[in-house]
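Everything below concerns the one structure shown next.
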Amino acid sequence: MKSLNDLRAFCGYLARKYGSPGASSEEEKAEEFRRVYLKGLPSNLKALRAVASCCGLDLTGLDKMPRNVRGYHEICNGHLYVYYRKDDTVSGIQNTILHEMREMMETLFSQADRSYEPLKTRTRHLAANRFATAVLLPEEEFRANAYKTGFDVVGLAQTYSKSYSQVLLRMGEVLHGKVFFYGALFEPDDADAIDWAVTYWTISCNEDAEPNIYGANGLFPKKGRRALTGSLVDMTVRSQKAHLVRRITLTDDPDFDGEELTAFAVPVTGDVTGIEKVILVVFLARDEYLLEPQIKSICPTVVESFHRHL
């Protein structure tokens, strides 16, 4: 690459290295981005501001932003601009900078390669989310720390200064093809915090899981689904204490010798507000040992078995 002081040069570099801008995954784009710009530095806000300047981006924090918008970008007369919500969290600003850079790269890719067809709006947005997360939570390092902590979402969020949802979703990405994993973040679904519902969820399968696991999609709550009375999340909310169920059976056949599940629900509490969120993670029962570091740290209430529910 002739110059690092232009995001266009980086886009051209990716196009040449991979043969086409679309031939590299978001993980590969993020890895190249860290290698070229961060050079081993932590991906904190100070470093990202410096990278943005190096790439020729003008960053501006705005006091007012359209509702439900955390940031946007413009390319005007060859100049690159990224705007973010000034009162956003540090983690939110980091995500916005990288997200908008990645969306902007789609336009720059088409300039570097005239045959390239930029991603459509929704696909571009999803790619930008994945790119930002991959830059902020490097795959190999993050996966190693996830194993080391027993998949402690709260601890990893504190370590990386990232949101619980981002850490949870990243777990699903880095565990793909490694182990079976389901994770969900539950938050209050009403003003009185009587009902709780899924706000974020992820699932990652491995090739050697039994077919009955793949057929149990209805078992795993998706966005908007409320926690049922008697569920592990309900127990955790009512007691404000972590709960572990060691054995979740999936069939009515007592002699069935197939896969079973284990699930772990952990409350997130505020100093004044009490319980604010519940993090639920599910593994195959034979992989329960992966949770041991977190289990030993938290000492949850243990429920021996559930049948066909979480």
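The set of residues in region 261-308 being modelled with pLDDT of 90 or more, among the charged types (D, E, K, R) and open to solvent by 20 Å² or more (accessible area, probe 1.4 Å) consists of E276, K277, R286, E288, E292, K296, E304.
Figure legend. Inter-residue proximity from region 122-138: first residues in a helix (DSSP H, G or I) and open to solvent by less than 50 Å² (accessible area, probe 1.4 Å), second residues of a type in the set (K, R) and modelled with pLDDT of 95 or more, beta-carbon distance below 8 Å, spacing 6+ or different chains. Indicated pairs: A127/R102; A128/R102; F131/K29; F131/R102; A132/R102; T133/R170; A134/K29. Scanning region 128-148 for residues that are in contact with a helix residue (DSSP H, G or I) (Cβ under 9 Å, 6 or more places away or on another chain) and acidic (D, E) yields a total of 2. When the residues of region 139-166 are filtered to those that are among the aromatic types (F, W, Y) and assigned to a helix (DSSP H, G or I), the one that is nearest to V278 (Cα to Cα) is Y164.
For every residue, the table says whether it meets (1) touching a Cys at 6+ places or on another chain (Cβ under 7 Å); (2) over 26 Å from C205 (Cβ atoms); (3) not in a loop (DSSP other than H, G, I, E, B).
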site	(1), (2), (3)
R246	no, no, yes
V268	no, yes, yes
I275	no, yes, yes
L280	no, no, yes
D287	no, no, yes
I295	no, no, yes
S305	no, no, yes
H309	no, no, no
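L14 meets each of the listed conditions (1) loosely packed, with under 15 Cβ neighbours inside 10 Å; (2) in contact with a Pro (Cβ under 8 Å, 6 or more places away or on another chain) apart from (1).
For region 97-114, name all the residues that are in a loop (DSSP other than H, G, I, E, B) and free of Cβ contacts under 8 Å to residues at least 60 places away in the same chain.
Quick first cut of region 97-114, residues in a loop (DSSP other than H, G, I, E, B) only: 113-114.
Residue satisfying the conditions is R114 alone.
Tell me whether region 240-257 contains one or more residues that are buried (at least 21 other Cβ atoms within 10 Å of the Cβ) and either over 22 Å from G155 (Cβ atoms) or of a type in the set (K, R) (or both). If you could, list the steps in order and put the result at the bottom.
Within region 240-257, the first condition is being buried (at least 21 other Cβ atoms within 10 Å of the Cβ), and the residues that meet it are 242-245, 248.
After this cut, where a residue has to be either over 22 Å from G155 (Cβ atoms) or of a type in the set (K, R) (or both) as well, the list is 248.
Yes, some residue in region 240-257 is buried (at least 21 other Cβ atoms within 10 Å of the Cβ) and either over 22 Å from G155 (Cβ atoms) or of a type in the set (K, R) (or both).
Look at region 243-255: where a residue is more than 10 Å from L310 (Cα to Cα) and modelled with pLDDT of 90 or more and a partner is open to solvent by less than 30 Å² (accessible area, probe 1.4 Å) and part of a loop (DSSP other than H, G, I, E, B), sitting 6+ places away or on another chain with Cβ atoms under 7 Å, you get H243/P300; L244/P300. When the residues of region 32-68 are filtered to those that are touching a residue at least 12 places away in the same chain (Cβ under 8 Å) and farther than 20 Å from D6 by Cβ, the one that is surrounded by the most Cβ atoms within 10 Å (Cβ to Cβ) is S43.
Working carefully through the options L80, L45, find the one that is in contact with a Leu (Cβ under 7 Å, 6 or more places away or on another chain) and within 18 Å of F131 (Cβ to Cβ).
Going through L80, L45 in turn, just one is in contact with a Leu (Cβ under 7 Å, 6 or more places away or on another chain) and within 18 Å of F131 (Cβ to Cβ): L80.
The set of residues in region 199-210 being modelled with pLDDT of 85 or more, open to solvent by less than 40 Å² (accessible area, probe 1.4 Å) and farther than 13 Å from Y164 by Cα consists of S204 alone.
When region 92-110 is filtered for residues that are of a type in the set (G, A, S) and open to solvent by 20 Å² or more (accessible area, probe 1.4 Å), only S110 remains.
Is it the case that region 152-163 has a residue that's closer than 24 Å to R34 by Cα, outside the structural domain of E31 (by the TED database) and among the aromatic types (F, W, Y)? Checked against the condition, which is being closer than 24 Å to R34 by Cα, outside the structural domain of E31 (by the TED database) and among the aromatic types (F, W, Y), region 152-163 yields at least one hit.
Number of residues in region 21-31 that are open to solvent by less than 40 Å² (accessible area, probe 1.4 Å) and in contact (Cβ under 8 Å) with a residue 24 or more places away in the chain: the value is 5.
The values are calculated or read from the model by the stated rules, or taken from the named source; none is laboratory data. The shown structure was predicted, so the numbers you read here are calculated from the model rather than taken from an experiment. Cβ atoms come from the backbone with ideal geometry, glycine included; neighbour counts cover every protein chain shown. Just so you know, the surface numbers come from the protein's heavy atoms only, side chains and all, with ligands and any DNA or RNA stripped out. Shrake-Rupley method; radii C 1.70, N 1.55, O 1.52, S 1.80 Å.
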